[in-house]
Amino acid sequence: MRRRKVKSKTSQSGKIDITSYKSKTKSNIYLEDLQELSADQKKNMLAAGVDPSQKARSGTYIQMDHSVVHSKSLYPGLEVMSTTEALKKYKWLDDYFWKVVSFSADEFTKRAQVQPHHGYFLRALSGVKATYPLQACLFINDNNIIQNVHNIIIAEEGSELEVITGCATASDVKRGLHIGISEFYVKKGARLTFTMIHNWAEDVAVRPRTATLVEEGGTFLSNYICLKPVKTLQMYPKAELVGQGATARYNSILFAHPDSYMDIGSRVILKAEGSKAEIITRAVSAGGDIIARGHLKGEAKNIKAHLECRGLIVTDKGIIHAIPELEASIREVDLSHEAAVGKIARDEIEYLMARGLSQGEAQAAIVRGFLDTSIMGLPDVLQKEVDKAISSCEKEAF
Amino acid sequence: MLKIEDLSISVSDKEVLSDINLEIKKGERLALLGPNGSGKTSLLMAIMGFSNYRIKKGNIIFKGRNINKLSIDERARLGIGIMFQRPPTIRGVKTRQLMELIKGGDFNVDKEAEELTLKKFLDRDVNMDFSGGEIKRSELLQVLASSPELSLFDEPESGVDLENIALVGKVMNRILDKNKDNAALIITHTGYIFDYVEPTKGCILVGGRVHCIGDAKQILQTIKKHGYGWCVTCEGEKLKAKHRSLEK
Ligand SMILES: Nc1ncnc2c1ncn2[C@@H]1O[C@H](COP(=O)(O)OP(=O)(O)OP(=O)(O)O)[C@@H](O)[C@H]1O
Ligand SMILES: [Mg+2]
């Protein structure tokens, strides 16, 4: 019963007519000083973790619609530019395009290949360890447009790079389509922490296509947070662990508002001996539908990977469908998963109400606890951004 | 303060309380005694308004107002507070966060937690893996922070070690002494808590019915000697006479 319902919804909500979006829009001027952004733009960027004051940031890339509006590194050894510019600057970069994401994967990747609108290029040179994260914002400022970006991040050997990317829209944007191709490279012994906060408008359709290659001893941490209403969001990022001892970890925090539809998964392919992976998802439905997928594929000896998905349903409407998959092609692998989906506990809500909290306050407190992000081991700056995003979502949802 | 009139309560279609009549006046502390499963906790839950405990008939009147239809939080804000016998665990919510949500302006969470030797529990999830005695103290801390006029204490001393009973009693008194009118309903099996908190009267609940209202300590003595069954058969003046003769 339940399964069928989700399936029929998939085909409905998953459908996007690319041609119904404008592919042309006016260009936005480059801003040397981010303080020139409008108050509304700043507010919406901030809600996606991108801080225009650049306090505690090592550099910023901002793209508005199809124009690069700001692009600058504040830290030696970190590079920030558009992928268009980077391609001109570095001949070798061609090899990094469409390498881990295939351009023929679907209609969205195809579209992004024929009609690219920049995207960010972020790179930490060998051995560089920045204190603060780089931030990148992909912003939709004009109503009803399509935005196709192609992003590249490279953490060169032994480097440590943190990236916060926020996707947001101007407050008066109602509808739009965002296609984001992202290819990340974590070289030998490097560490990349990638945190993405989505703050789209309610009627924006989003199709990120992301893949990461992790080399020997490299670590890739991906944190994905989507707490705001979104019309339809489908993504299934993938990490390939190709070097010995490589590690990947995906944390996702999903909150589906009424009428939001999210089909989100994370996939790790463990191709090298001793590689490790963990996928952790916390999904809350306040009326919307969430399909939480996860896929671990073990192809080498002595690998260890775990998948954990917990779902909480707050209202009578809404569906959470957890689909964990484990796949092994050899014997000496350690793959495990646990999934639990349930309704918010009435006795917990009532317990808090007996202390004088309203029903909404009680629900919010429980949901916040359920989404407890301390399990993710985020760096402090990121933890603060995530906490802020959760608080502001709470205020709106309950 | 609290008046219960002809109250019957059912839990998942099973009647657990029948025709209850009880009154707690300002400043009174009513001890509620009764065997396991007799409906004591159910009575507290019904007064607080928990959704599982449905009112089949009768009225709950608090401070002159019928609260039958009020939500739990409305009752809490009117001045009813409860110390749970078996509170749920709330994952991810730190005890400190909860305290911040429920406390009034001048309540010092750290100082009061220290007093209840709960300081290090503030950074743990609410009730998560708390021992029996720790749960009691954490419940008391929460009740203390919300300063109710009517406190419902469900077995405050059970499972608490001797030293901690003194502490529990002290804090219960602090809650009650905040205002001379503050009242309490105290469930106990042993009456150990009477060494610290003086009950003004007692009553027995057996099989979902109130069987006797009188002096708490005398009732307890009688139960100890003769068991609950005796109390059920003993009624009114007869009971009082017996109590008097027992005292001699
Ligand atoms: N949620 C519930 N679902 C089903 N039965 C319940 C529920 N709550 C209480 N009961 C039943 O109602 C009766 C009274 O329970 P209650 O908890 O009020 O007893 P009590 O007097 O507090 O007992 P104890 O001294 O053991 O704490 C018991 O038979 C119990 O099993
Ligand atoms: Mg009980």
query: Here are some conditions: (1) within 15 Å of the chain's Cα centre (by Cα); (2) modelled with pLDDT of 95 or more. B:His189 meets all but one. Which one does it not meet?
result: (2)
task: Test B:Ile82 against the stated conditions and say whether it is more than 26 Å from B:Val160 (Cα to Cα), part of a strand (DSSP E or B) and in contact (Cβ under 8 Å) with a residue 40 or more places away in the chain.
output: no
field: A:His321, sole failed condition from (1) open to solvent by 20 Å² or more (accessible area, probe 1.4 Å); (2) closer than 26 Å to A:Thr232 by Cβ; (3) out of contact with any helix residue (DSSP H, G or I) (no Cβ under 7 Å at 6 or more places or on another chain); (4) part of a strand (DSSP E or B)
entry: (3)
query: Has region B:96-104 got at least one residue that is within 12 Å of another protein chain (Cβ to nearest Cβ), assigned to a loop (DSSP other than H, G, I, E, B), closer than 14 Å to B:Leu152 by Cα and open to solvent by 10 Å² or more (accessible area, probe 1.4 Å)?
result: no
- request: Take region B:1-14 and flag every residue that is within 9 Å of ligand 1 (Cβ to nearest atom) and not aliphatic (A, V, I, L, M).
  value: B:Ser12, B:Lys14
- request: Would you check if there is a residue in region B:140-157 being more than 29 Å from A:Gly311 (Cα to Cα), out of contact with any helix residue (DSSP H, G or I) (no Cβ under 8 Å at 6 or more places or on another chain), at the interface with chain A (Cβ under 9 Å from one of its Cβ atoms) and not aliphatic (A, V, I, L, M)?
  value: no
message: Please verify whether B:Ala183 is more than 16 Å from ligand 2 (Cβ to nearest atom) and at pLDDT 95 or above, treating the condition exactly as stated.
response: yes
message: If I go through region A:350-362 residue by residue, how many of them are more than 7 Å from chain B (Cβ to nearest Cβ) and either assigned to a loop (DSSP other than H, G, I, E, B) or surrounded by 24 or more Cβ atoms within 10 Å (Cβ to Cβ) (or both)?
response: 2
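Give B:Leu44, B:Leu17 a once-over and let me know the one that is in contact with a Gly (Cβ under 8 Å, 6 or more places away or on another chain), within 15 Å of ligand 1 (Cβ to nearest atom) and open to solvent by less than 60 Å² (accessible area, probe 1.4 Å). Let's see the steps before the verdict.
Values: B:Leu44 fails: in contact with a Gly (Cβ under 8 Å, 6 or more places away or on another chain).
That would be B:Leu17, the only listed residue that is in contact with a Gly (Cβ under 8 Å, 6 or more places away or on another chain), within 15 Å of ligand 1 (Cβ to nearest atom) and open to solvent by less than 60 Å² (accessible area, probe 1.4 Å).
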- request: Examine region B:141-151 for a residue that is away from ligand 2 (no atom under 16 Å from the Cβ), more than 27 Å from B:Ile223 (Cβ to Cβ), outside any loop (DSSP other than H, G, I, E, B) and of a type in the set (S, T, N, Q), and state whether such a residue exists.
  value: yes
field: Residues within region B:105-131 that are within 14 Å of chain A (Cβ to nearest Cβ), acidic (Asp, Glu) and open to solvent by less than 60 Å² (accessible area, probe 1.4 Å), tallied
entry: 1
field: Given (1) in contact with a helix residue (DSSP H, G or I) (Cβ under 6 Å, 6 or more places away or on another chain); (2) modelled with pLDDT of 95 or more, number of the condition A:Phe103 does not satisfy
entry: (2)
- prompt: Being surrounded by 24 or more Cβ atoms within 10 Å (Cβ to Cβ) and modelled with pLDDT of 95 or more, is that true of even one residue in region A:196-204?
  reply: no
message: Looking at A:Val114, A:Val68 in this structure, which one is free of Cβ contacts under 8 Å to residues at least 24 places away in the same chain, within 30 Å of A:Glu202 (Cα to Cα) and either surrounded by fewer than 20 Cβ atoms within 10 Å (Cβ to Cβ) or of a type in the set (Val, Ile, Thr) (or both)?
response: A:Val114
query: Do we have any residue at all in region B:56-66 that's over 30 Å from B:Lys3 (Cα atoms), within 16 Å of ligand 1 (Cβ to nearest atom), out of contact with any helix residue (DSSP H, G or I) (no Cβ under 7 Å at 6 or more places or on another chain) and open to solvent by 10 Å² or more (accessible area, probe 1.4 Å)?
result: no
- prompt: Quick one: which of A:Ile140, A:Ile154, A:Ile179 is surrounded by 18 or more Cβ atoms within 10 Å (Cβ to Cβ) and either among the hydroxyl-bearing types (Ser, Thr, Tyr) or within 20 Å of A:Lys89 (Cα to Cα) (or both)?
  reply: A:Ile154
message: Please determine whether any residue of region A:285-301 is more than 16 Å from A:Leu241 (Cα to Cα) and within 14 Å of chain B (Cβ to nearest Cβ).
response: no
message: If I filter region B:24-40 down to residues being surrounded by fewer than 21 Cβ atoms within 10 Å (Cβ to Cβ) and farther than 17 Å from B:Ile175 by Cα, which single residue comes out as farthest from ligand 1 (Cβ to nearest atom)?
response: B:Pro35
query: In the list B:Gly208, B:Gly159, which residue meets the criterion of being of a type in the set (Gly, Ala, Ser), open to solvent by less than 10 Å² (accessible area, probe 1.4 Å) and within 15 Å of ligand 1 (Cβ to nearest atom)?
result: B:Gly208
query: Looking at B:Asn52, is it out of contact with any strand residue (DSSP E or B) (no Cβ under 9 Å at 6 or more places or on another chain), open to solvent by 70 Å² or more (accessible area, probe 1.4 Å) and within 16 Å of ligand 2 (Cβ to nearest atom)?
result: no
task: Pick out the one residue from A:Ser329, A:Ser392 that is more than 28 Å from B:Ile135 (Cβ to Cβ), modelled with pLDDT under 85 and more than 14 Å from every other protein chain (Cβ to nearest Cβ).
output: A:Ser392
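The values are calculated or read from the model by the stated rules, or taken from the named source; none is laboratory data. Remember, predicted model here, so these are calculated numbers, not experimental data. Using ideal geometry, Cβ is built from the backbone for each residue, glycine included, and neighbour counts are taken over all protein chains shown. The protein model used for the area step is the full one, side chains on, heavy atoms only, and it has no ligands, DNA or RNA in it. Shrake-Rupley method; radii C 1.70, N 1.55, O 1.52, S 1.80 Å.
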